[in-house]
Amino acid sequence: MDTAPAGHSPVWHPFTQMAIFDADPALVVERAEGNRLIATDGRSYIDGVASLWCNVHGHGRPEIVRAIQEQAATLQHSTLLGVSHPRAIELAERLPSLLPPGLTRSFFSENGASAVEVALKMAVQFWANAGKPERRRIIALEHAYHGDTIGGVSLGGPGRFRDPYAPLLFEPLRFDSPYAFGMAPGTTRAEATQRSLDSLRSLLERHAHESAAVIIEPRVQGAGGMIVSGEGHLAGVRRLCDEFDVLLIADEVATGFGRTGEMFACDLEGVTPDIMALGKGITGGYLPLSATVATERVYANFYDPGNQRTFYHGHTYAGNPICAAAALANFDVFASEDVLGRARERAGQLESLLAERVADHPRVGEVRQQGLMVGIELVADRASRAPFPAAARMGAQVCMAARERDVLLRPLGDVVILMPPLSIEAGELAQICEAVAHGLDAIPDALRLG
Ligand SMILES: *Cc1c(COP(=O)(O)O)cnc(C)c1O
């Protein structure tokens, strides 16, 4: 077939099979208010995945909108390559006050994948600068997700997101994910967590001499299916990195800015990584900005009046002033309201609602939650944990059915994701859970294997 049907629009949508997109009714979001998205057909939907995991305080917060408008009228863009501007300076000054202690030097880009690429290049060059170029391998978790550029995809878990691009990718060293549900039935989260740490130790014993860094999504592996690690995983990874003198990169693109109930997932275990990648919620979910923040040790390694150890990386719109202004206004909201306390309260409410309405459903294998990040893993049969056939696209079916109840969700395979803005109201959480329960009940009998 050399031509395709005209379809709904000329937009080629990301992570979307366009033939399926064209077969479903088109949903065109025109406006947003608070936690709701309003479509061109006039219907309003709860933004159940925070506009792909980035919205923090709801849409249209006047303080953030005003900051964007004022900055747009003053300076729209000026490069950071060898020149500075006030919003970038302010942002880099304020970030360390939010971050785990010791992360002091901010390198800006526009998206999470780029923040990860920057971290990878920093880690490898760190060792080259230190006269140990043989330390060049990266250690990543099974089921990892670190973005869609070549470096990020290289780190990502095998499967449909990675396999087609294999000829372009490098191979990281892999350690076990603390994915208890994917292990033998009965495996506890604590056991899975220990197994993951044991596998990292054995990898480091063999490969630390050729390794630059370990990269993890702390506490929650997001796109891998909201895999929540047990208490002690993060601190254990930090200890092993220290013991074997390998850098630790924490990818907090998804977990940062209050998602997990703390400002950053690293705060859950009092860990400071050597390099942290931030994105998604950094602007409150309004504009594209990301940051790779390093410790003084990493930064000093590149500091060289002789110009031999320069970090050769940069994007045209890195640290754009309007995006930076949005980020600063986002920080102001965190400073002026008890955003984290409220998010924790909502997380507790969501946990109860899920227990009442979703967790015991015969098509639900496991509900995993950390703060306002939830994965509901669907199974055809609870006892055997048999999955649905992939072709049934069961996660997508449940989410399409949820739309009938005015809730917009996007699954990851057969894991239904709930990731509402931190500003979500209790009543809206109840509506989300009702919509999921409705979607689960709508699973056709023909596919009920159990
Ligand atoms: C979303 C995500 C990324 C990629 O961010 P983009 O802005 O989509 O490039 C990287 N890492 C994690 C953990 C993510 O969830």
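Read-outs throughout are calculated quantities, based only on the coordinates presented, and are distinct from any laboratory measurement. As the structure is a prediction and not an experimental result, all values here were calculated from the model. Cβ sites come from the backbone with ideal geometry, for glycine too, and all protein chains shown count toward neighbours.
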Which whole-Hz ³J(HN,Hα) couplings does region 253-269 yield from phi under the Karplus relation 6.51 cos²θ - 1.76 cosθ + 1.60, θ = phi - 60°, glycine and proline marked x? 4, 8, 8, x, 6, x, 3, 8, x, 10, 4, 10, 4, 4, 5, 4, 10
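Quick check: from the Cα gyration tensor, does region 319-367 come out rounded (a/c under 1.5), prolate or oblate?
On the way: a/c = 6.87, a/b = 2.38, b/c = 2.89.
Oblate shape, in that a/c is at least 1.5 and b/c is the bigger or equal ratio.
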From the phi angles alone, apply the Karplus equation (6.51, -1.76, 1.60; θ = phi - 60°) to region 244-252 and give each ³J(HN,Hα) in whole Hz, x where the residue is Gly or Pro. 9, 6, 10, 5, 10, 9, 9, 8, 9
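Using Cα-Cα distances under 8 Å and only pairs 6 or more residues apart, what relative contact order does the chain have, in percent? The partial results should precede the final answer.
On the way: 867 pairs, mean separation 90.0, N = 450.
The value is 20 percent.
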Global form of the chain, assessed from the alpha-carbon gyration tensor, a/c cut-off 1.5: oblate
Order these peptides, 76-82, 171-177, 197-203, by their mean beta-carbon neighbour count within 10 angstrom, highest first. 171-177, 197-203, 76-82
Note on region 203-291: contact order normalised by length, alpha-carbon pairs under 8 Å, 6 or more apart, percent, works out to 27 percent
Output ³J(HN,Hα) for region 383-396: one whole-Hz value per residue in order, computed from phi by the Karplus curve 6.51 cos²θ - 1.76 cosθ + 1.60 with θ = phi - 60°, and x for Gly and Pro. 5, 8, 6, 4, x, 6, x, 4, 5, 6, 6, 5, x, 5
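Determine, for each peptide in 105-113, 436-444, the mean count of other beta carbons within 10 angstrom over its residues, then list the peptides with the highest first. Before the final figure, lay out the partial values.
On the way: 105-113: 22.8, 436-444: 18.7.
Going from most to least packed, we get 105-113, 436-444.
How big is the charge dipole of region 309-415 about its Cα centre, in debye rounded to the nearest 20, if each Lys and Arg gets +1 on its Cβ and each Asp and Glu gets -1 on its Cβ? Please list the in-between numbers first.
Working: 13 positive and 13 negative charges, 71 e Å.
That gives region 309-415 a dipole magnitude of about 340 debye.
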With the dipole of the chain defined by +1 on each Lys or Arg Cβ and -1 on each Asp or Glu Cβ, the option from G284, T255, L168 whose Cα lies farthest towards the positive pole is L168
Can you list the residues, at least 5 places off or on another chain, whose amide H is less than 5 Å from the amide H of S211, using H built in the peptide plane? R136, R137
If one computes P(r) from the Cα atoms of region 1-155, what percent of pairs lie at distances over 28 Å? 47 percent
Which of the trypsin sites (Lys or Arg not before Pro) found in region 305-351 are loop residues per DSSP with 16 or fewer other Cβ atoms within 10 Å of their Cβ? R309
Take every DSSP beta bridge with both residues inside region 155-296 and express the antiparallel ones as a percent of the total, to the nearest 5. 45 percent
Relative contact order for region 50-137: what is it in percent, counting Cα pairs under 8 Å that are at least 6 residues apart? 10 percent
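Can you give the percent of C-alpha pairs in region 380-450 whose distance is more than 15 Å? Write down the numbers at each step before the final one.
Numbers: 1357 of 2485 pairs.
Of all Cα-Cα distances in region 380-450, 55 percent exceed 15 Å.
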With +1 assigned to the C-beta of every Lys and Arg and -1 to the C-beta of every Asp and Glu, and no other charges, what is the dipole magnitude of the chain about the Cα centre in debye, to the nearest 20? 560 debye
Can you tell me the FRET efficiency between A386 and Q69 if r is taken as the Cβ-Cβ distance and R0 is 41 Å, rounded to the nearest 0.05? 0.15
Neighbour-limited loop hits for chymotrypsin sites (Phe, Trp or Tyr not before Pro), region 1-89 (at most 14 other Cβ within 10 Å; DSSP other than H, G, I, E, B): W12, F15
For Q370, enumerate residues with amide H under 5 Å from its amide H, sequence gap 5+ or separate chain, H modeled in the peptide plane. none
Could you tell me which residue out of I150, G34, S106 lies farthest along the dipole of the chain toward its positive end? Charges go on the beta carbon: Lys and Arg +1, Asp and Glu -1, centred on the Cα centre. I150
What are the residues whose amide H is under 5 Å from the amide H of D381, where those residues sit 5 or more places off or on another chain and H is modelled from the backbone? A386
Return the single residue from A329, A128, A26 with maximal mean-square fluctuation; model: Gaussian network over the chain, springs between Cα atoms under 10 Å. A26
Find, among the trypsin sites (Lys or Arg not before Pro) in region 11-70, those assigned to loop by DSSP (not H, G, I, E, B) with at most 16 other beta-carbon atoms within 10 angstrom. R43
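For region 292-342, rounded, prolate or oblate, judged on the Cα gyration tensor with a ≥ b ≥ c (square roots of eigenvalues), a/c < 1.5 rounded, else prolate if a/b > b/c? Present the calculation step by step, with values, prior to reporting the outcome.
Values: a/c = 4.33, a/b = 2.01, b/c = 2.15.
It is oblate, given that a/c is not under 1.5 and a/b is not larger than b/c.
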